[in-house]
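For reference, the structure discussed in these notes is given below.
The values are calculated or read from the model by the stated rules, or taken from the named source; none is laboratory data. Everything numeric in this text was worked out from a predicted model, so none of it was measured. Please note: Cβ atoms are built from the backbone with ideal geometry, for glycine as well, and neighbour counts cover all protein chains shown. Heads up: the accessible areas ignore ligands, DNA and RNA and are worked out on the full protein's heavy atoms, side chains in. Shrake-Rupley method; radii C 1.70, N 1.55, O 1.52, S 1.80 Å.
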Amino acid sequence: MFCVGDKVAHPMHGAGIIDGIVTETVAGAKQDYYVFRMPAGGLTLKIPTMTSEASGLRGIWENNRIRKLLCDLSALEVERFTGSWNQRYRENMEKLKSGDLYEVARVIKGLLHRDSERGLSTGERKMLRTAKQILLSEMALSTGENFDDLERQVEVAIAGGT
């Protein structure tokens, strides 16, 4: 269970802070919710405490683990998809839902590579923005660094390995 003030990551939204724990009655049943606020973008969600683990809510990675990821980005292997766009989309979505930042980075790297070769569909462009938000929000919350500076660091690291 998380406490107010804990820094956590949601697999499909990125990193944020538990601002509170509230009890609400929905359909006649009382349930506790985490009030999850993302500093970047200001999104606020209510996540049921009982199902938070199943939804993938977890503590954020520590600074040293984030630094290792940054170092590993250039050598990170990505799949060269030969299938249809919807197959690529589904596989990338599964990687994002995993909550693993290495998988998220693979999605970013693969989409950036595809964009440089052939361009991206509207759906893939949106997925790239989402993947960047997920990765960079956790990096920023963990390291305390500026979002834009981290984005440049990620792009430079990824470009070094394509």
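To the nearest 10 Å², what's HIS113's accessible area with a 1.4 Å probe?
HIS113 exposes around 40 Å² with every protein chain in place.
With every protein chain left in place, what is the accessible area of ILE17 in Å² (1.4 Å probe, nearest 10)?
Rounded to the nearest 10, that gives 30 Å².
Compute the acute angle (0 to 90°) between the alpha-carbon long axis of helix 63-72 and the principal axis of greatest extent of the alpha-carbon atoms of the chain; round to the nearest 10°.
Result, in degrees: 20.
With n ≥ 4 as the cut-off for DSSP H runs, can you work out [θ] at 222 nm for the chain, using -39500 (n - 2.57) per run divided by the number of residues, rounded to the nearest 500? Please report the intermediate quantities before stating the final value.
Values: 5 runs with 75 residues, N = 162.
Estimated from H runs of four or more residues: -15000 deg cm²/dmol.
Starting from the residue with the highest accessible area, list GLU124, GLU151, GLU117 in decreasing order, probe 1.4 Å.
Working: GLU124 5, GLU151 50, GLU117 115 Å².
So the residues, ranked largest to smallest area, are GLU117, GLU151, GLU124.
Tell me the angle of helix 85-97 to the major Cα principal axis of the chain, expressed in degrees between 0 and 90 and rounded to the nearest ten.
Roughly 50 degrees between the two axes.
List the pairs from LYS46/LYS97; LYS95/LYS132; LYS7/LYS68; LYS97/LYS132; LYS68/LYS95; LYS7/LYS109 whose alpha-carbon separation is above 21 Å, in the order I gave them.
Numbers: LYS46/LYS97 18 Å; LYS95/LYS132 13 Å; LYS7/LYS68 19 Å; LYS97/LYS132 14 Å; LYS68/LYS95 19 Å; LYS7/LYS109 26 Å.
Over 21 Å apart, Cα to Cα: LYS7/LYS109.
Under 1.5 on a/c is rounded, so check that first for segment 10-52, then, if it is not, pick prolate when a/b is larger than b/c and oblate when it is not; a ≥ b ≥ c are the square roots of the alpha carbon gyration tensor eigenvalues.
On the way: a/c = 2.62, a/b = 2.11, b/c = 1.24.
Judged from the Cα gyration tensor, segment 10-52 comes out prolate (a/c at least 1.5, a/b above b/c).
Can you give me the distance in nm between label points at SER116 and ARG58, each placed 7 Å from the Cα along the Cα-to-Cβ direction?
2.9
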